[in-house]
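The values are calculated or read from the model by the stated rules, or taken from the named source; none is laboratory data. Quantities reported herein were computed from a predicted structural model and do not represent experimental measurements. Methodologically, a virtual Cβ is constructed for each residue, glycine included, from the backbone with ideal geometry; neighbour enumeration extends over all protein chains shown. The protein model used for the area step is the full one, side chains on, heavy atoms only, and it has no ligands, DNA or RNA in it. Shrake-Rupley method; radii C 1.70, N 1.55, O 1.52, S 1.80 Å.
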Amino acid sequence: MNFETPIDELSLAQATDELAQLALTMAEADLAYHQKDAPSINDAAYDSLKKRNLAIEKRFPDLKRADSPSGKIGAPVASGFSKIRHKVAMLSLGNAFDDEDVAEFDTRIRKFLSLSDDFDLTYTAEPKIDGLSLSLRYEHGQLVSAATRGDGEVGEDVTQNARNVRDIPQKINGAPDVLEVRGEVYMSHADFEALNVQQLAQGAKPFANPRNAAAGSLRQLDSAITKARPLHFFAYAWGDISEPLAKTQKLAIDRLAGFGFSTNPLTGICATPAELIAHYQSIERQRSTLGYDIDGVVYKVNDLALQARLGFRSTTPRWAIAHKFAAETATTTVESIEIQVGRTGALSPVANLKPVTVGGVVVSRATLHNEDYIKGIDSKGAAIRKGGDIRVGDLVEIYRAGDVIPKIREVLEHADNCARFVFPNICPVCGSDAIREEGEAVARCSGGFSCAAQGVEKLKHFVSRAAFDVDGLGAKQVETFVADDWIAEPADIFLLEERFGSGVKQLKNREGWGDKSASKLFDAIRDRRQIPLNRLIFALGIRHVGDSSAMTLARFYASWQAFEGAMQAAQLHEGDAWELLNSIDGVGTVMAAAAVDFFHEPRARDMVDRLVSYLDIQDIAAPQNDGSPVAGKTVVFTGTLEKVSRAEAKATAESLGAKVSGSVSAKTDILVAGPKAGSKLTKAQALGITIVSEQEWLDLIRQSGDS
Ligand code: IVH
């Protein structure tokens, strides 16, 4: 169909026909677009189809179809997959890089659990598969859903695709009524090579490595494509579960194997750090013959009751760690040194390198941290790289550990006649003085809000993944929007659509934007007006407040009103609000001061007020505290605890919804006092605060476990 007959000349039959064709063509285009790899028509062509569809519908309103594309503007097909909220968060793992880290892992666990050195503590040790994690939910033995990890809280619904992975059973026998099996989807080396040969033959882009190939294959909107790709799955953990699988990690994994899952044959049991390291070395020796990528060895406490006591930090379990293999290295030359200005004004030098492949990824930049690092001095003044400085033209050895930006390990050779690098004393972007405070490693641009670079970086941070994470608004778009004076601060993002009357019209005329992508962006921005408190706190870009600290603050204050009120009240760095802020576990004076001062910097304050007026900020609920007798209570531990370690007591209290504080104030509800309690006890007595012994405390919280 050519879609060219002038609309007012269309007959009823022609119009009916055309609307049907348009619905079909646009549905196909939608599908292709969302697969990202293969848009079937460009934005302009899409827009003109949509316009024609609308015009025909306008002339023949009765012919409008139930599946009319005009009704679908901005439909929430944003990423193509619907979302699944994980019942139990999918966390990541802490890392160990050397033998010392492994020994510390064991010591930390013994200390947390108050175990003696001769207590028999065993661990499992198994390969860390380099793929993508997947959570499979079985109800009454039937696979009902499959979700990718996503941000750990919400993943993508890839159920249809998971049904096409051979290693994933559709049905299992003898399992608990509810069982979420977690593991890694990966592609073997042989299948990866074969797939790339096929990709090239079809004129498609080859995948960079097996992990990307596995991810690209699982995240296909067309599950027939997934079916044709040879994916595998190793089960190594579980999420939501209606009854325990076993008493130990090893037996639980054996049960998963019994249900028909592939589990890794190299899983061993080790009793000491030395045995863990020996098993690690044995796996490392086999690495090149396994036929699939692994990037380390994961150690887990074997006893599941101990795992439960150890619990989790904000994003990682205390009972497991990933011992990574040594980073891969490569040799290349430094072509230039560039200074970037970060959102806090920090001047960060970056080396532009002659592109080189390290561990399957092409690398063309390496971070140089700061002035001293370039000179060959570490933060304590000691020599690094044997004191060798880095110059433009140097031949260097670079390394990559995990997904982090590569670093320079060693300068192999200075080029002839090259001079030492001179670190600038002015901001390369705004020309303000760059100031390096006494005792600081970093030089900062003193331009503050008037420095364009800082403004852009603040906005990039604002839309980043752990912050507002607006679909379709990434670093690149922020840069162009700022360059065009469309946005200068976070609040402007929420004004974009309104400010232009029809923002769609403005945006779609820009290169790279069509009617559809523009309205999708505005939908995504509108969606983000509802924002969880922790994301907002992180997005503000307060120095020293990273995403996990933002979560700590959000959990403690629960609402924006309470948080903001407390920052106001603590202005003078003294008084109850200040004390309370400093007493939060995980908040030190430096972070506390940065947060309070941020709210008293007039420009930052105005920026926040303008932003908040567009938002609906969601409170953060205290964790699972149904029926907990200590939910919402502020608890202080003092003196010697004899039954559990201080760290475990704190973690348990927090998991029951209590706030643990380090100092006694009028806000304290309960003081748990062991032997040798001192001034805190006296103060609590004076304030008439409830004082209990360790045993009384344990009895009190046990009630919640029983109910
Ligand atoms: S256990 C609570 N075991 O590594 C965390 N993870 O860096 C449970 N991974 O997100 C994870 N192999 O995707 C575990 N044998 C293994 C693993 C493994 C690979 C991945 C997993 C996780 C990531 C953390």
Count of residues meeting criterion [out of contact with any helix residue (DSSP H, G or I) (no Cβ under 7 Å at 6 or more places or on another chain), free of Cβ contacts under 8 Å to residues at least 12 places away in the same chain and under 26 Å from Ser661 (Cβ atoms)] in the stretch 587-610: 2
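Being assigned to a loop (DSSP other than H, G, I, E, B), in contact with a His (Cβ under 9 Å, 6 or more places away or on another chain) and under 18 Å from His86 (Cβ atoms): is that true of Gly150 here?
Working: assigned to a loop (DSSP other than H, G, I, E, B): yes; in contact with a His (Cβ under 9 Å, 6 or more places away or on another chain): yes; under 18 Å from His86 (Cβ atoms): yes.
Yes: the conditions hold for Gly150.
Scan the stretch 353-376 for residues that are over 27 Å from the mean Cα position of the chain (by Cα) and either part of a strand (DSSP E or B) or more than 12 Å from Ile408 (Cβ to Cβ) (or both) and jot them down. Quick ask: steps written out before the conclusion?
Quick first cut of the stretch 353-376, residues over 27 Å from the mean Cα position of the chain (by Cα) only: 353-356, 371-376.
Leu353, Lys354, Pro355, Val356, Glu371, Asp372, Lys375, listed by residue number.
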One residue from Gly359, Gly311, Gly345, Gly296 being touching a Cys at 6+ places or on another chain (Cβ under 7 Å) and touching a residue at least 12 places away in the same chain (Cβ under 8 Å): Gly345
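From the list Glu284, Glu335, exactly one residue is of a type in the set (Asp, Glu), in contact (Cβ under 8 Å) with a residue 40 or more places away in the chain and not in a strand (DSSP E or B). Which is it?
Glu284
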By residue number, the members of the stretch 300-349 that are more than 15 Å from the ligand (Cβ to nearest atom) and within 23 Å of Asp98 (Cβ to Cβ) are Ala326, Ala327, Glu328, Thr329, Ala330
Counting only residues that are more than 26 Å from Ala246 (Cβ to Cβ) and crowded, with 19+ Cβ neighbours inside 10 Å, which one in the stretch 165-196 is nearest to the ligand (Cβ to nearest atom)? Met187
Specify the residue that is modelled with the lowest pLDDT; the eligible residues are those in the stretch 361-395 that are surrounded by 15 or more Cβ atoms within 10 Å (Cβ to Cβ) and at positive phi. Arg385
What are the pairs with Cβ atoms under 9 angstrom where one residue, in the stretch 230-249, is acidic (Asp, Glu) and the other, located anywhere, is open to solvent by 30 Å² or more (accessible area, probe 1.4 Å) and more than 13 Å from the ligand (Cβ to nearest atom)? Sequence gap at least six, or different chains. Asp240/Lys87; Asp240/Arg137; Asp240/Val178; Glu243/Asp177; Glu243/Val178
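Quickly run through the stretch 416-445 and pick out the residues that are within 24 Å of Met607 (Cβ to Cβ) and open to solvent by less than 70 Å² (accessible area, probe 1.4 Å).
As a first pass, look at the stretch 416-445 and keep what is within 24 Å of Met607 (Cβ to Cβ): 427, 429-435, 442, 444-445.
Answer for the stretch 416-445, where residues must be within 24 Å of Met607 (Cβ to Cβ) and open to solvent by less than 70 Å² (accessible area, probe 1.4 Å): Cys427, Cys430, Gly431, Ser432, Ala434, Val442, Arg444, Cys445.
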Picking from Gly657, Gly662, which residue would you name as being surrounded by 15 or more Cβ atoms within 10 Å (Cβ to Cβ), within 30 Å of Phe462 (Cα to Cα), out of contact with any strand residue (DSSP E or B) (no Cβ under 6 Å at 6 or more places or on another chain) and at pLDDT below 90? Gly657
Residues that are surrounded by 15 or more Cβ atoms within 10 Å (Cβ to Cβ) and modelled with pLDDT of 80 or more, drawn from the stretch 17-37: Glu18, Leu19, Leu22, Ala23
Do we have any residue at all in the stretch 105-119 that's in a loop (DSSP other than H, G, I, E, B) and in contact with a His (Cβ under 9 Å, 6 or more places away or on another chain)? no
Exactly one of these conditions fails for Cys451: (1) open to solvent by 60 Å² or more (accessible area, probe 1.4 Å); (2) within 30 Å of Trp513 (Cα to Cα); (3) of a type in the set (A, V, I, L, M, F, W, C). Give me its number. (1)
Any chance Arg285 is surrounded by fewer than 16 Cβ atoms within 10 Å (Cβ to Cβ) and closer than 20 Å to Leu93 by Cβ: no
Say we look at the stretch 38-78 and pick out the residues that are open to solvent by less than 30 Å² (accessible area, probe 1.4 Å) and among the small types (Gly, Ala, Ser); which of these is modelled with the lowest pLDDT? Gly74
Do we find that Arg149 is within 16 Å of the ligand (Cβ to nearest atom), open to solvent by less than 60 Å² (accessible area, probe 1.4 Å) and of a type in the set (Lys, Arg) in this structure? no
May I ask you to say which residue of Ser114, Ser135 is surrounded by 15 or more Cβ atoms within 10 Å (Cβ to Cβ), within 15 Å of the ligand (Cβ to nearest atom) and small (Gly, Ala, Ser)? Ser135
For Arg409: the one exception among (1) open to solvent by 70 Å² or more (accessible area, probe 1.4 Å); (2) out of contact with any Lys or Arg (no Cβ under 9 Å at 6 or more places or on another chain): (2)
Condition (residue is within 12 Å of the ligand (Cβ to nearest atom), surrounded by fewer than 20 Cβ atoms within 10 Å (Cβ to Cβ) and either of a type in the set (Phe, Trp, Tyr) or closer than 17 Å to Ser145 by Cβ (or both)) applied to the stretch 235-255: is it met by at least one residue? yes
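Right, Arg166: over 27 Å from Asn209 (Cβ atoms) and in contact (Cβ under 8 Å) with a residue 24 or more places away in the chain or not? Step through it out loud before you land on a result.
Numbers: over 27 Å from Asn209 (Cβ atoms): no; in contact (Cβ under 8 Å) with a residue 24 or more places away in the chain: yes.
No; evaluated as a whole, the condition is false for this residue.
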Between a first residue in the stretch 362-374 that is within 18 Å of Val422 (Cα to Cα) and a second residue that is among the acidic types (Asp, Glu), which pairs have beta carbons less than 8 Å apart while being 6 or more apart in sequence or on different chains? Asp372/Asp378; Ile374/Asp389
Assuming Val154 fulfils every condition listed in (1) surrounded by 19 or more Cβ atoms within 10 Å (Cβ to Cβ); (2) of a type outside the set (S, T, N, Q); (3) over 24 Å from Leu256 (Cβ atoms) apart from one, which condition is it? (1)
Report yes if Gly512 is in contact with a helix residue (DSSP H, G or I) (Cβ under 6 Å, 6 or more places away or on another chain), part of a loop (DSSP other than H, G, I, E, B) and not acidic (Asp, Glu), otherwise no. no
Identify, please: which residue in the stretch 85-102 is part of a strand (DSSP E or B) and open to solvent by 40 Å² or more (accessible area, probe 1.4 Å) and is, among those, nearest to Glu156 (Cα to Cα)? Arg85
Within the stretch 223-234, the count of residues that are part of a loop (DSSP other than H, G, I, E, B), within 16 Å of the ligand (Cβ to nearest atom) and in contact with an Asp or Glu (Cβ under 7 Å, 6 or more places away or on another chain) comes to 0
Condition set out of contact with any Gly (no Cβ under 9 Å at 6 or more places or on another chain) and not in a helix (DSSP H, G or I), scope the stretch 456-480, selection nearest to Ser548 (Cα to Cα): answer is Arg465
Any pair with Cβ under 6 angstrom, 6 or more apart, that starts in the stretch 673-695 at a residue that is outside any loop (DSSP other than H, G, I, E, B) and ends at one that is of a type in the set (D, E, K, R) and open to solvent by 30 Å² or more (accessible area, probe 1.4 Å): Glu694/Lys643
